[in-house]
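A short write-up of the structure that comes next.
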Amino acid sequence: MATNDQRPAAKASPERSSLDSGPRFRLLVERSSDVFYRIRLTPEPVLEYVSPASQAVTGYSPAELLDDPTLWQELVHPDDRALIPDGAFIAAATADELEAPVVLRWVRRDGSVRSTEHRSAAIFAEDGALIALEGVARDVTARITGEEHVRAADARLRDLLSGIDLGALVLDRSGRVEFINDFLLGLLGRSRDELVGQDWIDFAIPEDERAALRETFAAALASGAGAGQREDGIVARSGEGRRLLWTSVIQHDTDGRVVGLAGIAHDVTEARRIAAEHARLAAAIEQSAESVIITDPATRILYVNRAFERLSGYVSSEVVGHTPRILDSGVQSKAYYDAMGAALAHGVAWRADVVYRRKDGSHYRVSSVTSPIWAVDGSITGYVDVGRDVSHERELESQTAQLVRERALITDTLRRLPSAGNPEATAELFCRQVASLSDIVVASVLGFESDGAASPLAFVVPGSPDAGLRRFTVERSRYLHGRSAAGPWVSEWIDDPTHPYADIIRNLGVRAFAYAPIQSQGALHGLLAIASSKPDGVARLSEQLGALVDFADLAGALLGRQLADRGVARRMHTDLEGVIEKRAFAPVFQPIVDLRNGLTIAYEALTRFADGAAPDRRFGDAAAIGLERELELATLEAAIGAARRGISRSKFVHLNVSPELVLPGTGLGELLRDVPHRLVLEITEHAIVRDYAAFRTGIAGLGRPVRLAVDDAGAGFSSLRHILELEPAFVKLDISLIRGIDRDPAKQALVAGMRHFARTTNCRLIAEGVESEAEAQTLAQLDVRLVQGYLFGRPAPLSPRSTQGREGSGP
Ligand code: C2E
Ligand code: CA
Ligand code: CA
């Protein structure tokens, strides 16, 4: 408990103090929840008295506070310390402004913050000098945090309203703008200064709407009731009008008096414009002379127009919800619908003359275009079919004229056809379109390989399921290939049991085939064939031959690239198989040298191909066509065989392997199992390891210890993660980092960084492609000890000499 005795400074003060008053008053002070205090100001502010309530505010008892009379200053929140001793705290007291309290924050012993409101009085010496402060402090923490919450919530709301893509407006009860947000100002093209305080209706509302709105506003204020929605126009500075959809509430003060109105507005200008446009379009479609059918993606009818109703004899309600099949006359084949479906699925508009059945059973003919309807996100949301009644026109047209039209329509569709994922899929799509020619029972594309072998890419029988792809005999292939050189032809079908599709052809009663070569850029890729089962098939197909040649040209454009690529891949495959089978390669070895003593510690096995192909290209090609594993195993076997015979067992042998080869089941384990050398597997950094866990399992399953090296580090593929995951014994710095390192501070810095990284991850660096003394010296300075490169030895076949270990260079 604080007593006067514990305040020696106070005894020495001559001035009169209210805190020295009688015992009753003292009791009050000591029991009050307010903190009473006295601070002596000269020579520096020290606490002379504080009442027990200080404990609650600061966590310190009066005794503790008085024991260290400047401690109180340290307890003042750092942000408020400026208020003492020369700041507002004392100024307020000297001005005797008891009514304008100062608020100070205190950091309590437990770290929490309290706020106190101070009212103090100044004590002056006889000579008029200010010597002390006496005051009372009240804990107002609860009040202040409460106010802060409200303020913060207010600020957040205001933030929201300012940033939002909606208009926000507050009007006072006379209709003047109190608050307006940026979005609304943006719509008006005006600044806040122009608007605040203005009459909203006069300022922003189109003249012809003002009177009505004023009435509504007055009525709303008068009724004082709730929220409402309405749409109003506004006029921007530019004179441009916009439509806003408002949701507003009448606002009241705490006594329930109406103070004004607050509203949030959507800009619906664009939506209204689109709606108006839709209405216009809908009217146009409704009144169009052409029949219009709109369906959903599942081809259920959503809408038909009046022209459709007139033509078909159906009323809208009878067809909506059905598919257009209800109009099927039986005149179009299933192939027709298949082809149409395929074209639409690929986003290609379908044009054709179609015969539909009326409600009364009679037929009518329309020239129709069916197109997909695209959504903004690129998906198909439905189809629209626009048809012109051509029943009368067609009756007058000749048979040939109709054929010409039909071809033109099919050509048009084929021309827009995209190529599918592979030649077979593209050919299938193509044949479906071709098969929609009248009276065609087969459409087929076959491809020639480089040796002339023919294999079907598609064999489409309209209305039947996929016949599957069957191979042609060598004889027939040769015949078709030879015949193709002379251009298109038509031939009568003579039953041939060796034909792969003989059964189907027989069942269809085929009488004749027509063929047209598929070419692109002068190369023959295949044949397009169609068949007819009409008794006069040869004559009919002869008539179609011109169209067939046109279609084959389109097939060449569509399929040529795909088939050519496949040809290249096939050839590469054959070549590589030859290389592997004939072992047309040989291992070479390049020394890895310790710079400190010039000793060779290891050899890296590399491969040279007999035909001189660059090894990285050849391994890359092998990977591209799926022969990587075979080639790697074959070259590894050769390297291991040579190493056994020619490399001392004290050396490491480095082998290049792709990550896939390490996975279980490739045969790598068997190959490496009893190689006597210590082995290092170099995993190139370019080959992404897809699954590190599987990779580690593979390494563990090799059945012998191996070390790992990360190859080509720094070759431009992010690698630190790779290194961390693989935990290699060696990291090989790529030649691109080493080349000219003696003259390149950036490369030096990179290598120094890698050196540090290697040390912390406990692996060793090998610098690749060292060609000059200067590079070697710089590497030595950077503390990279292991090096490989032409300076120390080129990759070379093993000679007895190269196993001796001290040589510095190859042959
Ligand atoms: P790599 O594994 O990074 O092999 C190092 C390449 O750098 C070798 O090229 C080597 O001849 C070359 N080299 C070594 N020192 C120097 C030098 O001082 N200056 C220059 N300019 N080049 C130097 P190579 O033999 O043409 O092999 C190229 C890539 O082909 C190899 O890169 C490796 O990824 C792959 N490769 C070669 N042989 C095999 C093999 O048997 N199996 C596998 N999987 N890949 C191989
Ligand atoms: Ca390597
Ligand atoms: Ca390398």
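In the range 450-458 there is at least one residue matching the filter, namely being without any contact (Cβ under 8 Å) to a residue 24 or more places away in the chain, among the acidic types (Asp, Glu) and within 22 Å of ARG566 (Cα to Cα). Screening ILE640 on (1) within 16 Å of ligand 1 (Cβ to nearest atom); (2) surrounded by fewer than 18 Cβ atoms within 10 Å (Cβ to Cβ); (3) farther than 30 Å from SER520 by Cα shows it passes everything except condition (2). Looking across ILE373, ILE410, ILE380, one residue alone is open to solvent by less than 50 Å² (accessible area, probe 1.4 Å) and modelled with pLDDT of 85 or more. It is ILE380. In this structure, GLY146 does not satisfy being closer than 19 Å to ASP232 by Cα and out of contact with any Lys or Arg (no Cβ under 7 Å at 6 or more places or on another chain).
Could you check how many residues of the range 413-433 are modelled with pLDDT under 80, closer than 20 Å to ARG351 by Cα and either open to solvent by 20 Å² or more (accessible area, probe 1.4 Å) or in a helix (DSSP H, G or I) (or both)? Here the count works out to 6. Summed over the range 654-687, residues that are away from ligand 3 (no atom under 16 Å from the Cβ) and at negative phi total 18.
Are any residues in the range 230-268 in a strand (DSSP E or B), open to solvent by 50 Å² or more (accessible area, probe 1.4 Å) and either within 20 Å of SER174 (Cα to Cα) or aromatic (Phe, Trp, Tyr) (or both), and if so, which ones? Result: ARG230, THR247, VAL249, GLN251, HIS252, VAL259, ILE264. Scan the range 668-686 for residues that are open to solvent by 30 Å² or more (accessible area, probe 1.4 Å) and more than 15 Å from ligand 1 (Cβ to nearest atom) and the total you get is 5.
Among the residues of the range 649-660, is there at least one that is open to solvent by 10 Å² or more (accessible area, probe 1.4 Å), part of a helix (DSSP H, G or I), within 12 Å of ligand 1 (Cβ to nearest atom) and in contact with an Asp or Glu (Cβ under 9 Å, 6 or more places away or on another chain)? Yes, that holds for at least one residue. When SER477 is tested against (1) open to solvent by 20 Å² or more (accessible area, probe 1.4 Å); (2) of a type outside the set (A, V, I, L, M); (3) assigned to a helix (DSSP H, G or I), exactly one condition is not met: (1). Contact map, the range 296-321: first residue in contact (Cβ under 8 Å) with a residue 40 or more places away in the chain and of a type in the set (Gly, Ala, Ser), second residue open to solvent by less than 70 Å² (accessible area, probe 1.4 Å) and assigned to a helix (DSSP H, G or I), Cβ cut-off under 7 Å, separation 6 or more or different chains; pairs are SER312/LEU327.
Do we find a residue being in a strand (DSSP E or B), of a type in the set (S, T, N, Q) and under 30 Å from SER464 (Cβ atoms) anywhere in the range 292-309? Scanning the range 292-309, I find at least one residue that is in a strand (DSSP E or B), of a type in the set (S, T, N, Q) and under 30 Å from SER464 (Cβ atoms), so the answer is yes. Listed conditions (1) under 30 Å from VAL304 (Cα atoms); (2) open to solvent by 30 Å² or more (accessible area, probe 1.4 Å); (3) hydroxyl-bearing (Ser, Thr, Tyr); (4) assigned to a loop (DSSP other than H, G, I, E, B) are all met by SER436, apart from (2). Just one of the listed residues (ALA729, ALA746, ALA767) is more than 15 Å from ligand 1 (Cβ to nearest atom), closer than 19 Å to ALA602 by Cα and without any contact (Cβ under 8 Å) to a residue 60 or more places away in the chain, namely ALA729. Within the option set ASP712, ASP734, being under 37 Å from the mean Cα position of the chain (by Cα), on the phi > 0 side of the Ramachandran plot, of a type in the set (D, E, K, R) and within 16 Å of ligand 1 (Cβ to nearest atom) holds for one residue only, ASP712.
One residue stands out among those in the range 602-619 that are without any contact (Cβ under 8 Å) to a residue 12 or more places away in the chain and assigned to a helix (DSSP H, G or I): the one that is most open to solvent (accessible area, probe 1.4 Å), which is ARG617. In the range 601-622, how many residues are acidic (Asp, Glu), more than 8 Å from ligand 1 (Cβ to nearest atom) and under 33 Å from the mean Cα position of the chain (by Cα)? Counting residues in the range 601-622 that are acidic (Asp, Glu), more than 8 Å from ligand 1 (Cβ to nearest atom) and under 33 Å from the mean Cα position of the chain (by Cα) gives 1. If the condition is being hydroxyl-bearing (Ser, Thr, Tyr) and closer than 16 Å to ALA454 by Cα, then the range 464-515 contributes THR473, SER477, TYR479, SER484, THR498, TYR501, TYR515. Taking the numbered list (1) away from ligand 2 (no atom under 16 Å from the Cβ); (2) closer than 22 Å to LEU655 by Cα; (3) at pLDDT below 95 in turn, ILE580 passes all entries but (3). Might you let me know whether the range 623-634 holds any residue that is assigned to a helix (DSSP H, G or I), away from ligand 1 (no atom under 11 Å from the Cβ), more than 22 Å from GLN788 (Cβ to Cβ) and open to solvent by 10 Å² or more (accessible area, probe 1.4 Å)? Yes, the range 623-634 contains a residue that is assigned to a helix (DSSP H, G or I), away from ligand 1 (no atom under 11 Å from the Cβ), more than 22 Å from GLN788 (Cβ to Cβ) and open to solvent by 10 Å² or more (accessible area, probe 1.4 Å).
Checking each residue in the range 298-317 for being in contact with a helix residue (DSSP H, G or I) (Cβ under 9 Å, 6 or more places away or on another chain) and surrounded by fewer than 15 Cβ atoms within 10 Å (Cβ to Cβ) picks out VAL315, SER316.
For the range 743-776, the set of residues classified as under 20 Å from GLY793 (Cβ atoms) and either open to solvent by less than 40 Å² (accessible area, probe 1.4 Å) or more than 16 Å from ligand 3 (Cβ to nearest atom) (or both) consists of LEU765, ILE766, ALA767, GLU768, GLY769, VAL770, SER772, GLU773, ALA774, GLU775, ALA776, listed by residue number. Among the residues of the range 704-735, the ones that are at pLDDT 90 or above and open to solvent by 50 Å² or more (accessible area, probe 1.4 Å) come to 3 in all. Taken over the range 220-229, the residue count meeting the criterion of being open to solvent by less than 60 Å² (accessible area, probe 1.4 Å) and part of a helix (DSSP H, G or I) is 2. Scanning the range 198-215 for residues that are in contact with a strand residue (DSSP E or B) (Cβ under 7 Å, 6 or more places away or on another chain) and open to solvent by less than 60 Å² (accessible area, probe 1.4 Å) yields a count of 7.
Filter the range 53-70 for residues that are within 19 Å of HIS118 (Cβ to Cβ) and part of a loop (DSSP other than H, G, I, E, B); which is nearest to the chain's Cα centre (by Cα)? Checking each candidate, the answer is GLY59.
Take the range 341-368 and flag every residue that is surrounded by fewer than 16 Cβ atoms within 10 Å (Cβ to Cβ), of a type outside the set (S, T, N, Q) and closer than 25 Å to LEU396 by Cβ.
Within the range 341-368, ARG358, ASP360, GLY361, HIS363 meet the criteria.
Among the residues making up the range 512-526, those that are over 18 Å from SER436 (Cα atoms) and touching a strand residue (DSSP E or B) at 6+ places or on another chain (Cβ under 7 Å) are PRO517, ILE518, GLN519, LEU524, HIS525, GLY526.
The values are calculated or read from the model by the stated rules, or taken from the named source; none is laboratory data. Since the structure is predicted, the reported quantities are computational estimates derived from the model, not experimental observations. Neighbour counts run over all protein chains shown; Cβ positions are idealised from the backbone, glycine included. Protein only, heavy atoms only, side chains kept; ligands, DNA and RNA dropped before computing areas. Shrake-Rupley method; radii C 1.70, N 1.55, O 1.52, S 1.80 Å.
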